Amino acid sequence: MILCQKTIEKLRTIINEESEYRSGPQLVSFFNNLGFNDEYRPGFPSRWAYTQEKLEKINGAPELDKCIKTVFNPINFIEDPTQLQGLIDAFNKYLAFDGWMITRQGKEILIKKANFDESAFSESTDEITEQEFLAKDFGAIEWNQLNIENALLPVIKQRVEEISSCLKNNAALSVIFLCGSTLEGLLLNVAREHPREFNTSVSAPQKDQKVKPLQEWTLDNLINVAYEVGFIDLDVKKFSHVLRDFRNYIHPYEQMARNFNPTIETAKISAQVLKAAFSQLGNKL
């Protein structure tokens, strides 16, 4: 079984966080059970980069099947079987593009061939394109509508000014990192102001059958829940995940491994995502 890049990325997220939070040493143990022989030591790469590297090495090999069956093993979800089914359903959406699906049969996880159903994705033609998104005018930031906590507001404003300066000076990588971290701070502020909506959402991340404290949520979590509870629209959700992926290259070795060299167009998309988030949050708070 060979998986495309997006499916590998989804599996990486499920392994690292969504099934359970796995620390660096736990990830080493997980992949050593699949045939690797690594040691966790100082200078270890990011959890994100390590898992990505290992999944790419076993992609197309029998170890990938074993990896999937291990992650989704029902015994790991004995306290919350509904979480397992939710993860299976979410992963199957990606697997469909590769012609596969996973099912649970009692205590076993089965991997089966599947036909891709194009009708399930017929709405995608209506999604906004990258150029259409860039052409949108979201207007000036209405700071008084955002309800940003007093101590955080000057920090956010300073970052917005720096993003503008970096764009003018073609500092693409700086724009991406600033936009990603600022978006995370902005969404966390919204979550702290509306804890009930965020903590009771279906997409709220859990650990030991409890929703994680908001300060432990990832940018991915914040984006998904903010969309689910109606604070951002589909276009911002879609391009926020693009920005999130770009921001992961903050790790130099990951950037080197991927040969990622952002252009100013990439930076403009990142800045537009942040502008759109400011606009939509200002209208809905």
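The values are calculated or read from the model by the stated rules, or taken from the named source; none is laboratory data. A quick note: this is a predicted structure, and the numbers were derived from the prediction, not measured. Cβ placement follows ideal geometry from the backbone for every residue including glycine, while neighbour counts extend to all protein chains displayed.
Close Cβ contacts (under 6 Å, 6 or more residues apart or on different chains) running from residues in the range 127-144 that are more than 22 Å from Val160 (Cα to Cα) to residues that are among the charged types (D, E, K, R) and surrounded by 14 or more Cβ atoms within 10 Å (Cβ to Cβ) comprise Ile128/Asp235.
Could you tell me whether Glu149 is at pLDDT 90 or above and outside any loop (DSSP other than H, G, I, E, B)?
So Glu149 does not fit the description; no.
Among Ala271, Ala277, Ala204, Ala226, which is crowded, with 18+ Cβ neighbours inside 10 Å, of a type in the set (A, V, I, L, M) and not in a helix (DSSP H, G or I)?
Values: Ala271 fails: not in a helix (DSSP H, G or I); Ala277 fails: not in a helix (DSSP H, G or I); Ala226 fails: not in a helix (DSSP H, G or I).
Answer to the check: Ala204.
In the range 44-53 there is no residue matching the filter, namely being under 30 Å from Tyr253 (Cβ atoms), over 18 Å from the mean Cα position of the chain (by Cα) and assigned to a helix (DSSP H, G or I).
Does Thr218 satisfy the criteria of being at pLDDT 95 or above and touching a helix residue (DSSP H, G or I) at 6+ places or on another chain (Cβ under 9 Å)?
Values: at pLDDT 95 or above: no; touching a helix residue (DSSP H, G or I) at 6+ places or on another chain (Cβ under 9 Å): yes.
Taking the combined requirement at face value, the residue does not satisfy it.
Only residues that are at pLDDT 90 or above and either under 14 Å from the mean Cα position of the chain (by Cα) or β-branched (Val, Ile, Thr) (or both) were counted across the range 228-238, and they come to 1.
Among residues of the range 145-159 that are within 18 Å of Ala271 (Cβ to Cβ), those with a Cβ under 7 angstrom from a residue that is surrounded by 11 or more Cβ atoms within 10 Å (Cβ to Cβ) and among the β-branched types (Val, Ile, Thr), sequence gap 6+ or separate chain, pair up as Ile156/Ile148; Ile156/Thr182; Arg159/Thr182. Taken as a whole, the condition of being outside any helix (DSSP H, G or I) and more than 21 Å from Leu95 (Cβ to Cβ) applies to Tyr40.
So is Ser29 at pLDDT 95 or above, among the small types (Gly, Ala, Ser) and farther than 24 Å from Asn259 by Cβ or not? Working first, answer last.
Details: at pLDDT 95 or above: yes; among the small types (Gly, Ala, Ser): yes; farther than 24 Å from Asn259 by Cβ: yes.
So Ser29 fits the description; yes.
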